[in-house]
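The values are calculated or read from the model by the stated rules, or taken from the named source; none is laboratory data. The shown structure was predicted, so the numbers you read here are calculated from the model rather than taken from an experiment. Using ideal geometry, Cβ is built from the backbone for each residue, glycine included, and neighbour counts are taken over all protein chains shown.
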Amino acid sequence: MRFPAGIPRALGLAAALAATAITGPAAPQPRAGGSARAAQVAEERGAAAAAAAGAAPLRGSLGVPVAERLLSSSDPEARLRGIERLGTIGTEEAVSALVAAIEQGSPAARDLRARLEAVRALAPHARRDNVRQVLTRELTEGGASARGAAAPLGEVLRGTAALALARAGDKRALGALAAAIVQGGAAGEAAARALRAYPPESLQLLLGSRKRLEPALVGFLGELGDLRAIEALRPMLEGGDRAAQVAAARALARLGDEAALAKARAWIRKPEPRLLEAAAEILVYLGAPEAPDAVAALLASEAARLEGLRLAELAPSARLAPALARALPLLPEDARPRAVAALGRAGGAEAARQLRGLMEGDALATAAAFALATMPGAEARAALEAVIEGPRAAKDGALRRLALRAGVVRALALGDPPAPLEQRLLAALAAPRGSADRAVGAFGAVALGLRGAGDVAGACAPASCDRAAIHAAARGALARGDAALAELAPLFEALAAPGDPGAAPDAAAISAGVALLAEPRGGALATSRLAALAEAGGPLSPLAARALAARDDEVIRGRLKRLLAGSDPVVRAHVALGLGGDPMPDSVSLLARAYRFEDDPAVRRAIVRGLSRRAEVQRRRVLQMARDLDPDDGVRALARSALSGVEARPLDPPRGALATGVVWIAIVPNDPSAAASAASRAARLVRPDGLAVPVVADPDGVLLVPGVPPGVSSVLLAPAAPPGDAGP
């Protein structure tokens with residue numbers, strides 16, 4: 001090609017590219033009788049070529065019309081591509097077209113996925129009036145589907161819209177969030193979370209020109225922790241509105257401002273329960289010396305007893321032990337375990353005495369044992385020693401096992417075991433095979449390092465196996481780390497690979513399956529068996545799915561896609577974790593697509609963890625979206641770390657200080673006559689970090705699971721074991 005004289009070569013090249021985009025070869029057309037989808041793809045490719053030429057007028061004239069045609073399609077996937085195209089173009093015309101496309105009544109407006117994609121695309125333009133109106137509507141109404149029912153993905157949509165408004169940070173966007181907080185409900189909660197994630201640069205922008213601050217907004221200012229709010233809150237203490245005074249005083253106390261102290265001390269002498277509750281809370285937050293007495297007064301009040309329990313949990317004090325003990329039988333039945341735990345946190349000789357009495361009782365014995373096990377101080381240790389060595393434990397096997405379990409928990413959690421613990425555990429380990437006493441001894445001996453997990457579990461064959469010892473030793477190994485879990489790998493591989501590849505694993509195989517925690521790729525277990533376990537459901541399914549994903553190849557890719565789209569969020573999360581270490585480079589695309597419309601925050605955390613271990617460039621856009629707009633705090637934190645170059649720590653058995661957490665569960669059948677249904681019950685415990693641990697209860701229906709990080713765990717029981725599975 002010749003260039004006209006006087007035109008620089010580079011400019012001529014740009015002109016040639018533009019000319020190619022306009023007059024070059026047409027995009028391939030479908031053959032006669034070809035599908036409409038082929039024509040649609042050809043049209044999209046032609047528009048993409050025009051945009052790639054770098055000419056803004058072409059992008060505006062070709063990209064937007066193509067996207068609008070996609071948005072009017074009856075195909076949901078085509079509509080999503082249209083929304084994504086408009087968001088990528090990002091011109092004023094494209095944004096206006098996107099806003100118009102999701103107006104109520106349109107096909108896109110009836111599709112939650114399309115609305116979520118639109119909100120993400122519109123987030124960078126949140127300061128525009130038309131965009132802000134869309135985001136505000138999704139904040140206040142976005143939690144419902146087209147039929148009006150609340151939907152999990154709708155909550156993601158609502159939270160994303162709130163974050164987009166908070167990130168904008170201008171007066172009108174913040175005003176919409178403040179109005180949502182005043183409105184309350186799900187919209188108010190989403191708005192409050194968004195503002196905590198993106199605090200306003202100026203509180204005046206948030207409060208606007210309000211002459212009166214509503215109690216809900218005042219309460220939020222206290223939770224926000226911004227000390228600039230003190231100036232706006234102090235004058236409210238002297239107003240004539242008692243509700244406003246109470247709200248302001250509580251908020252100021254949360255901010256650590258002692259201006260509320262005088263009001264609290266005056267209200268504590270009033271007979272009105274609402275004022276007593278507010279005063280006690282203010283005294284607790286400010287650490288006033290009279291706070292325990294105020295909380296004790298609430299515990300003695302029928303109307304305010306539950307609020308007193310909440311404050312006792314918030315601010316433990318040995319002075320509260322007598323009041324908690326008196327309130328315990330007067331509380332609702334479902335609140336009594338909380339009161340027992342509050343007694344343990346209160347500490348002191350009186351609390352230890354009360355807990356020992358409850359431990360030797362019946363209904364609250366397990367809660368009392370756990371409270372003594374985790375209560376620091378010589379008084380609690382002495383109380384446990386007295387129970388272990390007492391005459392009642394010698395005659396009552398259930399009490400003896402309870403005390404030994406509490407001693408093991410105390411040794412793991414505090415490093416302060418009762419004196420006779422080791423000898424008693426070893427004596428229990430010598431009990432008859434299959435007994436609950438032997439299970440307690442096996443668990444404690446392995447957890448405390450007195451015996452190896454492999455030694456206690458021993459050899460196991462279908463006809464001869466001390467399953468109770470295996471269940472207990474496997475759980476005890478969780479406190480000892482990878483080396484102890486590796487001792488169970490040969491047993492697991494032998495039990496989990498029966499002659500029939502589709503056979504369900506028995507309880508012993510489920511217990512030994514904790515070995516997969518130390519073998520993220522499944523060890524020596526065959527891929528076909530891992531696939532069968534992953535697809536069968538049950539306690540082993542999540543870890544098997546993680547191992548299967550780490551072995552990804554063309555043969556099993558279809559299975560992984562089905563698991564990643566399955567109905568069990570725990571399995572989906574473990575597939576995502578496994579794909580983080582997948583050798584196939586295109587697995588990053590699987591993770592990116594899975595994140596797009598995932599409604600479970602635990603699964604999104606797992607996806608981000610998986611992406612943090614990848615190096616492909618495709619991960620970056622998803623991580624940026626997660627960092628900026630994901631409604632879950634944990635997802636945003638993981639995405640920030642990943643984008644800063646920090647790889648998420650693999651979810652392996654925790655070590656050091658993190659290994660001190662212990663979950664204690666007593667399985668109680670609804671029908672007392674069916675007590676056998678609690679014996680050796682298999683379960684799946686999901687730790688706070690999302691990792692699933694397969695466990696089986698002792699013959700007396702107790703589950704002790706150590707090595708659990710801090711946070712909230714969940715447990716899902718498998719169906720009752722077949723008769724005889726627990727051994728003799």
> Does the stretch 651-697 hold any residues that are over 26 Å from Ala483 (Cβ atoms), modelled with pLDDT under 60 and of a type in the set (D, E, K, R), and which are they?
Replying inline: none
> Can you pull out the residues in the stretch 499-540 that are hydroxyl-bearing (Ser, Thr, Tyr) and either out of contact with any strand residue (DSSP E or B) (no Cβ under 8 Å at 6 or more places or on another chain) or surrounded by fewer than 24 Cβ atoms within 10 Å (Cβ to Cβ) (or both)?
Replying inline: Thr527, Ser528
>> Quick test of your reading of the structure: Ala294 fulfils all but one of (1) at pLDDT below 95; (2) of a type outside the set (Ser, Thr, Tyr); (3) closer than 23 Å to Met236 by Cβ. Name the failing condition by number.
In response: (1)
> Which pairs do you get when a residue that is within 11 Å of Gly63 (Cα to Cα) and modelled with pLDDT of 95 or more, found in the stretch 81-94, comes within reach of a residue that is basic (Lys, Arg) and surrounded by fewer than 21 Cβ atoms within 10 Å (Cβ to Cβ), reach meaning Cβ atoms under 6 angstrom, with the pair 6+ apart or on two chains?
Replying inline: none
> Restricting attention to the stretch 296-313, does a residue exist that is crowded, with 21+ Cβ neighbours inside 10 Å, more than 21 Å from Asp416 (Cβ to Cβ), within 34 Å of the chain's Cα centre (by Cα) and without any contact (Cβ under 8 Å) to a residue 24 or more places away in the chain?
Replying inline: yes
> For Ala266, are the conditions met, namely being under 24 Å from Ser317 (Cα atoms) and at pLDDT 90 or above?
Replying inline: yes
> Among (1) under 30 Å from Ala474 (Cβ atoms); (2) in contact (Cβ under 8 Å) with a residue 60 or more places away in the chain, which single condition is Asp599 missing?
Replying inline: (1)
> For the stretch 370-427, how many residues meet the condition of being of a type in the set (S, T, N, Q) and under 19 Å from Ile665 (Cα atoms)?
Replying inline: 1
> Taking into account only those residues within the stretch 224-247 that are within 39 Å of the chain's Cα centre (by Cα) and of a type in the set (Asp, Glu), which is surrounded by the fewest Cβ atoms within 10 Å (Cβ to Cβ)?
Replying inline: Glu231
> Filtering the stretch 413-469 down to residues that are of a type in the set (Asp, Glu) and either out of contact with any helix residue (DSSP H, G or I) (no Cβ under 7 Å at 6 or more places or on another chain) or surrounded by 17 or more Cβ atoms within 10 Å (Cβ to Cβ) (or both), which residue is nearest to Val695 (Cα to Cα)?
Replying inline: Asp466
> Taking Arg158, is it under 14 Å from Thr136 (Cα atoms), within 27 Å of the chain's Cα centre (by Cα) and surrounded by fewer than 18 Cβ atoms within 10 Å (Cβ to Cβ)?
Replying inline: no
> In the stretch 194-213, what count of residues is obtained for those that are crowded, with 18+ Cβ neighbours inside 10 Å and farther than 24 Å from Asp241 by Cβ?
Replying inline: 5
> Quick one: in the stretch 273-295, which of the residues that are charged (D, E, K, R) and under 35 Å from the mean Cα position of the chain (by Cα) is nearest to Ala346 (Cα to Cα)?
Replying inline: Glu281
> Which ones in the stretch 190-237 are under 14 Å from Arg250 (Cβ atoms) and aliphatic (A, V, I, L, M)?
Replying inline: Leu213, Ala216, Leu217, Val218, Leu221, Leu224, Ala229, Ile230, Leu233, Met236, Leu237
>> So, in the stretch 252-272, how many residues would count as being closer than 23 Å to Glu223 by Cα and assigned to a helix (DSSP H, G or I)?
In response: 12
>> Please go through (1) at pLDDT 60 or above; (2) buried (at least 17 other Cβ atoms within 10 Å of the Cβ) for Arg640 and return the number of the only condition it doesn't satisfy.
In response: (2)
> For the stretch 609-619, how many residues meet the condition of being part of a helix (DSSP H, G or I) and farther than 17 Å from Asp632 by Cβ?
Replying inline: 1
